[in-house]
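S.K.: Please see the structure below; I have some questions.
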Amino acid sequence: RAKAAGGNRFELADPEADARAITRHGLTTALPTALDRGEFFIEYQPLVHLGDGSVRGAEALVRWLHPQHGVLSPDRFIPLAEHTGLIVPLGRWVLEQSVRQARAWRDANGGEELGPLRINVNLSPCQLTHPGLVQDTVEILERTGVTPDALCLEVTESALIGADDDLLKPLRRLAEMGVDIALDDFGTGYSNLANLRRLPVSVLKLDRSFTQSMQQFPADPVDLKIVEGIVSLAHSLDLAVTVEGVETGAQAEQLRILGCDTAQGWYYARPGPPERLHDLALVDATG
Ligand code: C2E
Ligand code: MG
Ligand code: MG
Ligand code: MG
């Protein structure tokens with residue numbers, strides 16, 4: 001099929017773009033009821049301590065089991081959920097499920113045997129501006145009997161660039177309660193490093209692009225210097241550094257030498273069902 005594009009030029013219609021548009025429309029229609037229908041589920045990916053290899057926690061990653069399209073990744077539907085406002089109830093659901101799961105991991109091991117398994121949950125910028133965030137979080141923690149220090153909320157660097165005090169207020173309150181705040185995808189947002197002091201964050205999650213540049217051996221010396229600089233700045237501000245997207249042992253080793261604290265990636269485990277994390281942590285604890 002060809003479309004007239006003015007004058008004598010003809011442009012081929014982009015069938016993939018058409019398919020994307022149709023799907024986007026279809027997804028937007030199906031999205032509002034998906035939560036009530038129970039079509040969302042959460043996978044968990046372990047966070048591993050680079051020093052000793054122990055599992056310290058997990059990041060909750062939401063998926064949509066769509067009746068026609070199968071399992072959809074969050075990149076496909078989170079933007080739509082943000083656009084339609086569903087992100088607020090969806091985000092609250094993810095938070096509640098994940099915190100319950102953290103409680104279940106603890107209970108399954110008679111309380112403490114696993115050590116403190118922490119849970120990381122992603123927050124959309126839309127949730128930050130929603131007035132119920134602090135209250136909802138407090139209620140979820142109280143209902144589940146999980147302490148605030150077992151929870152880490154991840155906010156992308158780009159969501160906080162240029163954030164004014166009103167936007168930071170709920171994060172500050174959560175941080176004061178003992179909830180950790182992580183700056184996700186750090187290094188992609190061109191934020192002013194000095195700005196970090198103003199933010200109530202306690203963890204930097206280095207973006208996957210840094211990990212990717214550690215793929216070659218020896219890695220690009222400039223990239224090494226950049227990561228080294230970020231890590232030393234973070235540590236001097238009392239921030240822990242987590243790295244995303246670790247796919248090889250060589251990357252893990254390089255990032256460990258550079259002083260990163262925690263890692264996450266396919267090298268350790270892909271995101272998976274909650275039982276898997278439990279098994280990984282248990283294997284880890286018993287040798
Ligand atoms: P993110 O928070 O930066 O999560 C990390 C992403 O990297 C996840 O993609 C994860 O599956 C993927 N990943 C982990 N290890 C590796 C690796 O070794 N190599 C590669 N190539 N990728 C790896 P996923 O699950 O598709 O999630 C994409 C994004 O969707 C997340 O990025 C996060 O921003 C967003 N997201 C996921 N769940 C939620 C949620 O519950 N609420 C909100 N607001 N956003 C969410
Ligand atoms: Mg994240
Ligand atoms: Mg991330
Ligand atoms: Mg990322």
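The values are calculated or read from the model by the stated rules, or taken from the named source; none is laboratory data. Nothing here was measured: the structure is a model prediction, and the numbers come from that model. With ideal geometry, Cβ positions are generated from the backbone for all residues, glycine too; neighbour counts draw on all protein chains shown. SASA here: full protein model, heavy atoms, side chains in, ligands and nucleic acids out. Shrake-Rupley method; radii C 1.70, N 1.55, O 1.52, S 1.80 Å.
S.K.: Counting only residues that are more than 16 Å from Asp261 (Cβ to Cβ) and part of a loop (DSSP other than H, G, I, E, B), which one in the range 193-206 is modelled with the highest pLDDT?
M.R.: My answer is Pro200.
S.K.: Spot the failing condition for Arg197; the list is (1) basic (Lys, Arg); (2) open to solvent by less than 70 Å² (accessible area, probe 1.4 Å); (3) more than 16 Å from ligand 1 (Cβ to nearest atom), and only one is missed.
M.R.: Checking Arg197 against (1) basic (Lys, Arg); (2) open to solvent by less than 70 Å² (accessible area, probe 1.4 Å); (3) more than 16 Å from ligand 1 (Cβ to nearest atom), the one that fails is (2).
S.K.: Taking Gly57, is it of a type outside the set (Ser, Thr, Tyr) and either within 15 Å of Ser124 (Cβ to Cβ) or within 13 Å of the chain's Cα centre (by Cα) (or both)?
M.R.: So Gly57 fits the description; yes.
S.K.: Please indicate, with yes or no, whether at least one residue in the range 172-180 is assigned to a helix (DSSP H, G or I) and within 16 Å of ligand 4 (Cβ to nearest atom).
M.R.: For the range 172-180, residues assigned to a helix (DSSP H, G or I) and within 16 Å of ligand 4 (Cβ to nearest atom): absent.
S.K.: Now for a different question. Checking Asp238 against (1) part of a helix (DSSP H, G or I); (2) away from ligand 1 (no atom under 16 Å from the Cβ), which single condition isn't satisfied?
M.R.: (1) is the only condition that Asp238 fails.
S.K.: Quick test for you: out of Thr137, Thr144, pick the one residue that is out of contact with any Leu (no Cβ under 7 Å at 6 or more places or on another chain), among the polar types (S, T, N, Q) and within 21 Å of Ala58 (Cβ to Cβ).
M.R.: Every option except Thr144 fails the conditions.
S.K.: From (1) surrounded by fewer than 18 Cβ atoms within 10 Å (Cβ to Cβ); (2) assigned to a loop (DSSP other than H, G, I, E, B), pick out the condition that doesn't hold for Lys225.
M.R.: (2)
S.K.: If you don't mind, another one. Of all residues in the range 167-188 being under 16 Å from Ala60 (Cα atoms) and open to solvent by 30 Å² or more (accessible area, probe 1.4 Å), which is nearest to ligand 1 (Cβ to nearest atom)?
M.R.: Within the range 167-188, the match that is nearest to ligand 1 (Cβ to nearest atom) is Asp185.
S.K.: Of all residues in the range 22-41, which are open to solvent by 20 Å² or more (accessible area, probe 1.4 Å) and either in contact (Cβ under 8 Å) with a residue 40 or more places away in the chain or part of a helix (DSSP H, G or I) (or both)?
M.R.: Ile22, Thr23, Arg24, His25, Gly26, Thr28, Thr29, Ala30, Pro32, Thr33, Leu35
S.K.: Related question: Can you tell me which of Thr156, Thr129 is within 16 Å of ligand 3 (Cβ to nearest atom), within 23 Å of Ile78 (Cβ to Cβ), among the hydroxyl-bearing types (Ser, Thr, Tyr) and surrounded by fewer than 21 Cβ atoms within 10 Å (Cβ to Cβ)?
M.R.: Thr156
S.K.: Hey, can you tell me all the residues within the range 138-153 that are within 17 Å of the chain's Cα centre (by Cα) and within 10 Å of Val99 (Cβ to Cβ)?
M.R.: Correct list: Ala150, Leu151.
S.K.: Take the range 266-287 and flag every residue that is of a type outside the set (Ser, Thr, Tyr) and either farther than 10 Å from Val55 by Cα or at pLDDT 80 or above (or both).
M.R.: Across the range 266-287, the qualifying residues are Trp266, Ala269, Arg270, Pro271, Gly272, Pro273, Pro274, Glu275, Arg276, Leu277, Asp279, Gly287.
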